[in-house]
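Just below is one structure, and these are the notes that go with it.
Just so it is clear, none of the values below were taken in a lab; they were calculated from the coordinates. Keep in mind it's a predicted model, so treat the numbers as computed, not measured.
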Amino acid sequence: MTADLKHLLSARAELDAQIAQARALESKAALAQIHAWIEDFGFTAQQVFPWKSTASNKVASKYRDEKTGATWTGRGKPPAWIQGKNRDDFLIDKPKHASLSDGPLLAEMAAAAYR
């Protein structure tokens, strides 16, 4: 190795050490400033580090008790107002009943399947 290269490498090592020391000092000062702002303004962890809201995990209600207005998603233990009863009676979005004009009759479907 030439003397110039050794000199440059040692200078680089010195600069790297100075950079690391300056970064450590400035990061301590920055963190102290952040802590002061959090304390002064009363920021919460959610405001400083926003994470996904639990509202996005919310499931739409599937059943409603017409008497009380209580709802249930259909997940978990059923509430007392629906236990032992036909759940179809409590559906919020009740399925549309098929009329005769909506499609072939059952007999026509069976005949088509037999062919």
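The table that follows gives values for the structure above.
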| item | result |
| --- | --- |
| In the chain, lysine pairs closer than 25 Å at Cα, eight or more apart or cross-chain | 16 |
| Value at 222 nm in deg cm²/dmol, rounded to 500, when DSSP H runs of n ≥ 4 in the chain each add -39,500 (n - 2.57) | -15000 deg cm²/dmol |
| Helix 3-41 axis, angle to the chain major axis (alpha carbon atoms, nearest 10°) | 50 |
